[in-house]
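First comes the structure, then the notes that go with it.
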Amino acid sequence: MKYILIIISLLVLSACGSGSDDKQGGSNTDTPGGSLDEQDNFTLQNIRFDGKDYFEGESVTITEGSSFEVQWVSPILAAYKIDLYLSTNGEEHSDSNKIVSLKCGSTSFSLCPNVTGEVECEVDDNRLFCSIANDNLGEESFLDEDKSNLTFIVKGCDGFNNCDVKTFNLMVENETDK
């Protein structure tokens, strides 16, 4: 019996591994969403407006009074945060121009439970507001003269505060401009 316990102990110890960390060439598979090295490069992917991919800095044309869908893909499976901003006249993203902040990427978050998330937004009466399934998430107002200088900003951050910021020029046209 004593020999069986020793053999079982040796098997259990050998199954535990050496406990090497990422910096020594091992992999940290216990980290949700992959290794820490992968998470250092948090980059939002596939930013889409109404189902069309856009790259950072591109212009997105929307019609005033109609809604448009904004989608994104996170590079990790773990929880992450998405902030949406509306900037006028080149101002930086800040709490003063934040439309909404969402916690995403975990089944416990019902608004965007996956690595892919989406919100529905609309520009009407000099304000941009976003919602998910008829839940108004937030809005930002702007002056009529700011319509040609609007920037839609998508900021995503992982749990280690590694962030990616994507900006898009928002071109608002009236129904009669078409």
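The values are calculated or read from the model by the stated rules, or taken from the named source; none is laboratory data. For clarity, every value in this text was computed on a predicted model and none was experimentally measured. Positions of Cβ are backbone-derived with ideal geometry, glycine not excepted, and every protein chain shown enters the neighbour counts.
When you look at Glu173, is it surrounded by fewer than 16 Cβ atoms within 10 Å (Cβ to Cβ) and among the charged types (D, E, K, R), yes or no?
Details: surrounded by fewer than 16 Cβ atoms within 10 Å (Cβ to Cβ): yes; among the charged types (D, E, K, R): yes.
Taking the combined requirement at face value, the residue satisfies it.
Would you confirm whether any residue within the range 31-41 is closer than 14 Å to Phe168 by Cβ, surrounded by 10 or more Cβ atoms within 10 Å (Cβ to Cβ), polar (S, T, N, Q) and at pLDDT 50 or above? I'd like the intermediate steps shown before the answer.
Step one: of the range 31-41, the residues closer than 14 Å to Phe168 by Cβ are none.
Taking every residue of the range 31-41 in turn, none turns out to be closer than 14 Å to Phe168 by Cβ, surrounded by 10 or more Cβ atoms within 10 Å (Cβ to Cβ), polar (S, T, N, Q) and at pLDDT 50 or above.
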(message) Scan the range 46-61 and tell me whether some residue there is surrounded by 15 or more Cβ atoms within 10 Å (Cβ to Cβ), of a type outside the set (Gly, Ala, Ser) and assigned to a loop (DSSP other than H, G, I, E, B).
(response) yes
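Quick check on Gly117: is it in contact with an Asp or Glu (Cβ under 7 Å, 6 or more places away or on another chain) and among the small types (Gly, Ala, Ser)? Can you show your working first?
On the way: in contact with an Asp or Glu (Cβ under 7 Å, 6 or more places away or on another chain): no; among the small types (Gly, Ala, Ser): yes.
So Gly117 fails the test.
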(request) Determine, yes or no, whether Leu150 is at pLDDT 90 or above, among the aliphatic types (A, V, I, L, M) and more than 17 Å from Asn46 (Cβ to Cβ). (result) yes
(request) Taking Ile132 as meeting all but one of (1) at negative phi; (2) in contact with an Asp or Glu (Cβ under 6 Å, 6 or more places away or on another chain), write down the number of the exception. (result) (2)
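Restricting to strands (runs of 3 or more DSSP E) lying wholly in the range 74-150: which have 3 or more residues that are more than 22 Å from Glu173 (Cβ to Cβ) and within 11 Å of the chain's Cα centre (by Cα)?
Numbers: elements: 80-88, 98-104, 116-124, 127-132, 135-141.
The strands (runs of 3 or more DSSP E) meeting that bar are 80-88, 98-104, 116-124.
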